[in-house]
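Visitor: What follows is a structure written as structure tokens; I'll ask about it next.
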Amino acid sequence: MGEPDILTARLRLRPLRSEDLDVLAALNADERVMAPFGGVLPRDKTAPWLERLLGHWRAHDGSR
């Protein structure tokens, strides 16, 4: 079973993947993005966070 996507005329939403680490690390390093979440998260903390999140999805959903 493939991952579900939501498509609009201007946007494509899909689940996160391990390959998204670079983009996610850049977002987490941006003070404006992360201010509401308590501050920036460095790449060395983003990588394990992403893997925990993906592991949780696999454990509870089974399709990822």
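The values are calculated or read from the model by the stated rules, or taken from the named source; none is laboratory data. It should be emphasised that the depicted structure is a prediction, and the values quoted were computed from it without experimental measurement. For neighbour counting, all protein chains shown are included, and Cβ atoms are generated from backbone atoms with ideal geometry for every residue, glycine included.
Visitor: Within the range 19-64, can you find the residues that are exposed (fewer than 11 other Cβ atoms within 10 Å of the Cβ), modelled with pLDDT of 95 or more and closer than 18 Å to residue 5 by Cβ?
Guide: Passing the criteria: 19, 23.
Visitor: Please enumerate the residues belonging to the range 27-36 that are over 17 Å from residue 48 (Cβ atoms) and within 15 Å of the chain's Cα centre (by Cα).
Guide: If the condition is that a residue be over 17 Å from residue 48 (Cβ atoms) and within 15 Å of the chain's Cα centre (by Cα), then 30, 33 are the ones that fit.
Visitor: Separate question: Please list, ordered by first then second residue, the pairs with beta carbon atoms under 6 Å, 6 or more apart or interchain, first in the range 43-62 and closer than 14 Å to residue 18 by Cβ and in a helix (DSSP H, G or I), second modelled with pLDDT of 95 or more and of a type outside the set (A, V, I, L, M).
Guide: Going by the 6 Å Cβ cut-off, the qualifying pairs are 46/28.
Yes/no matrix, rows are residues, columns are (1) in contact with a helix residue (DSSP H, G or I) (Cβ under 8 Å, 6 or more places away or on another chain); (2) of a type outside the set (Lys, Arg):
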| position | (1), (2) |
| --- | --- |
| 12 | no, no |
| 19 | no, yes |
| 25 | yes, yes |
| 39 | yes, yes |
| 51 | yes, yes |
| 61 | no, yes |
